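Written below as structure tokens is the structure these notes are about.
Read-outs throughout are calculated quantities, based only on the coordinates presented, and are distinct from any laboratory measurement. Bear in mind that the values here come from a model prediction, so they are computed numbers and not experimental data. Cβ: placed from backbone, ideal geometry, glycine included. Neighbour counts: every protein chain shown.
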Amino acid sequence: MTTVVIALAAGLAAGVAAGLFGIGGGILFVPVLTLGLGLSQLEGEATSLLAILPTVAAGTWRQHRYGNVRWRTALVIGVAALAGVEVGIRIAEALPEDTLRRLFGALMLVVAAQLFWSATRRGNRFGELGR
Amino acid sequence: MRLVAIGVTAGAFSALFGVGGGIIIVPLLVVAAGFGERPATGTSLAAIGLIALAGTVLYALRGHVEPGHAALVGLPAALGAVGGAALQQRIGTRVLLLGFAALLAVIGVRLLVA
């Protein structure tokens, strides 16, 4: 019961943060699932991909209504990604649990640094990333 | 061809980390495909839906997905995201963003050293 309440609250908080700061939910779902709910790093990452689908669907619908989605491009990327996904899963399965967790920790630091960078500058953050 | 390269890269990144991969797709669309920020963000979301779906299916075939846990976290999150996006239009987020970045950094360090 406690676990259910923690999961619901953490999910809600992660969603609010994702909507508020314009980031994906996965970077938050994985630690909620591992540190909060006790899944292994591999299970947490796999489960996170399912957990982000409702949020992504809602966000895509909103962006579609704003006219911001180029569907053909998204489709090409999505289909091409299949090969990459298979490779990514094989790497994740081959890596020791500790290494996978540390890699994810490093990714969180990169995202944190990117958010710090965007918070300390005016203008959009995604455009700056590429410069 | 560039889009295919972006897709393969994003797919591997997404599956390896269990995230959508917007952090790499958006800048790649801007830099390698000449997209503006808004279409890059919108198109990236649609692509992420397909990528995460592929990742979910391929991970599930190997028995790594816990659907109950995903529902517990993912369904309230979808509600929260709608609220968060609405809130973003009304309040200044700069200080909140700094605090949030600090929180991410703390969790990241914890995962790194644990």
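Calculated FRET efficiency, A:Leu95 to B:Ala86, Cβ-Cβ distance, R0 = 45 Å: about 0.70 to the nearest 0.05.
Across segment B:1-106, Cα pairs under 8 Å and at least six residues apart give a relative contact order of 20 percent. Once you order the gyration tensor axes a ≥ b ≥ c over the Cα atoms, which shape class does segment B:1-93 get: rounded for a/c under 1.5, otherwise prolate or oblate by comparing a/b with b/c? Note, shape of segment B:1-93 comes out oblate.
Extension gain for A:Val110 to A:Trp71 (0.36 nm times residue separation, less C-alpha to C-alpha distance): 11.1 nm.
Here the simple spin-label model places points 7 Å from the Cα toward Cβ, and for B:Leu112 and A:Thr120 these points are separated by 1.6 nm. Within chain A, helices built from complete DSSP H runs that reach 30 Å or longer along their own axis (Cα positions) and carry a mean Kyte-Doolittle hydropathy of 0.5 or higher are A:71-94, A:97-119. Taken as Cα centroids, segment B:18-70 and segment B:81-114 sit 20 Å apart, rounded to the nearest whole angstrom. Computed from point charges on the beta carbon alone (+1 for Lys and Arg, -1 for Asp and Glu), the dipole magnitude for chain A about its Cα centre is near 780 Debye. Membrane-span-like helices in chain B (whole DSSP H runs, Cα extent of at least 27 Å along the helix axis, mean Kyte-Doolittle hydropathy of at least -1.0): B:37-61, B:67-88, B:94-113.
Which of rounded, prolate or oblate describes chain A when judged by the alpha-carbon gyration tensor and an a/c cut-off of 1.5? It comes out rounded by the Cα gyration axes.
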